[in-house]
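Below is one structure, written out as structure tokens, with a few remarks after it.
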Amino acid sequence: MSLLTVAALISAFVIAFVVTALTVPPVIRLCERRGWVQHPGGRRSHVRPTPNVGGIAIYAGFVTSLLATFVFTSAEPSLQRSEFEVLRIGLLLLGGTAIFLVMWVDDVVELPWLPKFAAQAGAGLIAVGPYLWDQRRYPDALGLPTEARGILLTAFNAPFIGQVSLWDASPWLAIAATVFWLGWMANTINWSDGLDGLAAGVSLIAALMLALHALRLDPPQRTVALVPLALAGACAGFLVFNLPPARIFMGDSGAEFLGFLLGVSAIIGGAKLATVLLVLGVPILDVAWLIVARTAAGRQPTQGGRDHLHHRLLDSGMSARQILALYWGLSASFGLLGIADISPSAKLIGLALLLLIGAGLIVYATRRVPVRSPQ
């Protein structure tokens with residue numbers, strides 16, 4: 001790996017970190033001046049009005065870093081992007097910008113669920129891009145017909161089955177799976193953003209694992225790794241101000257933007273869904289449980305409340321930093337398992353263990369702390 005390549009990979013992280021960290025203070029002042037703050041009470045435990053549109057800084061850091069990578073890719077042969085990859089970067093930015101802007105409005109005026117759902121679906125369709133009308137398969141660098149004009153979840157590996165091809169079954173099944181996956185990831189990060197440092201921390205770990213996964217492939221996917229590295233840098237820069245007690249919240253504009261980017265990063269360059277599922281296993285399981293529990297209780301799944309796992313653990317007596325250590329430790333441990341060179345059956349055992357741990361935490365927290373009414 002050349003020095004210029006190493007510099008590009010490091011710079012993707014560093015630029016995002018610096019820009020995000022430098023942008024947060026003026027964003028705090030903007031939020032305080034405009035009244036874009038979350039007042040004490042409800043689901044959070046903060047004691048003073050806190051700015052809640054930190055997604056502005058995350059967006060600025062990520063976009064600046066990603067655009068800066070084109071300086072390196074134009075000078076280093078090993079970092080040359082194909083026309084398909086350049087198209088995907090453009091679609092990622094368009095879809096990410098769309099969901100960021102709509103959720104920024106939601107942070108300010110609290111939109112009902114339908115516009116937010118439409119924004120998630122719309123961002124997913126933007127990501128799919130020209131594949132909506134051009135469903136041909138184009139040859140890759142080796143001449144194999146494996147490229148699509150857009151960001152598309154074409155296949156995934158299932159334990160004991162092997163690769164399951166979605167676009168062999170139906171192009172529209174692949175499109176639907178892509179939109180669903182990106183929406184699910186956006187909601188997973190958004191629903192985990194109820195404790196200082198939690199969403200940014202698990203997103204940072206997930207992004208780093210995706211970058212490491214891309215770099216460890218043969219041949220390495222260096223240009224693909226630039227995307228999660230920029231995302232990781234933005235998360236790290238935001239965490240400087242978001243650790244307990246947080247000086248700013250990322251809001252839906254930051255959380256859903258991060259989730260969308262993680263979903264895209266897991267798709268481009270070959271589906272890495274297993275890595276993300278392992279890193280975000282506990283938050284994903286919490287989302288699934290909340291949907292079932294709220295529906296069974298006659299509530300809308302999107303209706304807020306202090307029934308998230310991290311809320312119940314907090315109410316059971318654990319400190320915010322202890323909960324962060326628990327979540328981050330599980331995410332990092334199982335993320336390393338996801339990128340390790342072990343057999344698929346071993347990874348399946350790891351996933352089963354993660355599900356047992358997550359289920360055990362939910363049962364423990366549910367018995368210790370009864371469900372609270374939405375606030």
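The values are calculated or read from the model by the stated rules, or taken from the named source; none is laboratory data. Treat the numbers as computed from the prediction; the structure is a model and nothing was measured. All Cβ positions, glycine included, derive from the backbone under ideal geometry; neighbour counts span all protein chains shown. Heads up: the accessible areas ignore ligands, DNA and RNA and are worked out on the full protein's heavy atoms, side chains in. Shrake-Rupley method; radii C 1.70, N 1.55, O 1.52, S 1.80 Å.
Things to note:
- Checking each residue in segment 74-123 for being without any contact (Cβ under 8 Å) to a residue 60 or more places away in the chain, closer than 19 Å to THR64 by Cβ, over 17 Å from the mean Cα position of the chain (by Cα) and in a helix (DSSP H, G or I) picks out VAL86, GLY90.
- All positions within segment 138-173 that are in contact (Cβ under 8 Å) with a residue 24 or more places away in the chain, under 15 Å from ALA266 (Cβ atoms) and either open to solvent by 70 Å² or more (accessible area, probe 1.4 Å) or touching a strand residue (DSSP E or B) at 6+ places or on another chain (Cβ under 9 Å) (or both): THR154, ALA155, PHE156, ASN157
For every residue, the table says whether it meets (1) open to solvent by 10 Å² or more (accessible area, probe 1.4 Å); (2) touching a strand residue (DSSP E or B) at 6+ places or on another chain (Cβ under 6 Å); (3) in a helix (DSSP H, G or I).
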residue	(1), (2), (3)
PRO219	yes, no, no
ALA230	no, no, yes
ALA236	yes, no, yes
PRO244	yes, no, no
ARG247	yes, no, no
ALA255	no, no, yes
PHE260	no, no, yes
VAL264	no, no, yes
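- Filter pass, ASP134 being open to solvent by less than 30 Å² (accessible area, probe 1.4 Å) and not in a helix (DSSP H, G or I): yes
- Among all positions in segment 34-55, there is at least one residue which is among the small types (Gly, Ala, Ser), touching a residue at least 24 places away in the same chain (Cβ under 8 Å) and part of a helix (DSSP H, G or I).
- Considering segment 78-96, and only residues there that are among the polar types (S, T, N, Q) and in contact with a helix residue (DSSP H, G or I) (Cβ under 8 Å, 6 or more places away or on another chain), the residue that is modelled with the highest pLDDT turns out to be GLN80.
- Failed item, numbered, when PRO25 is tested on (1) in a helix (DSSP H, G or I); (2) farther than 18 Å from PRO245 by Cβ; (3) open to solvent by 30 Å² or more (accessible area, probe 1.4 Å): (2)
- Matching residues, segment 184-208, being open to solvent by less than 10 Å² (accessible area, probe 1.4 Å) and of a type outside the set (A, V, I, L, M): THR188, SER192, GLY197, GLY201, SER203
- Selection from segment 81-103 of residues that are among the aromatic types (Phe, Trp, Tyr) and within 14 Å of ALA186 (Cα to Cα): PHE100
- Test: residue in segment 57-74 that is exposed (fewer than 14 other Cβ atoms within 10 Å of the Cβ), more than 26 Å from ILE267 (Cβ to Cβ) and at pLDDT below 90: no
- Take the conditions (1) open to solvent by less than 30 Å² (accessible area, probe 1.4 Å); (2) modelled with pLDDT under 80; (3) among the small types (Gly, Ala, Ser); (4) within 29 Å of ALA119 (Cα to Cα); GLY270 misses just one of them, which is (1).
- Looking across GLU110, GLU32, one residue alone is among the acidic types (Asp, Glu), loosely packed, with under 15 Cβ neighbours inside 10 Å and at pLDDT below 90. It is GLU110.
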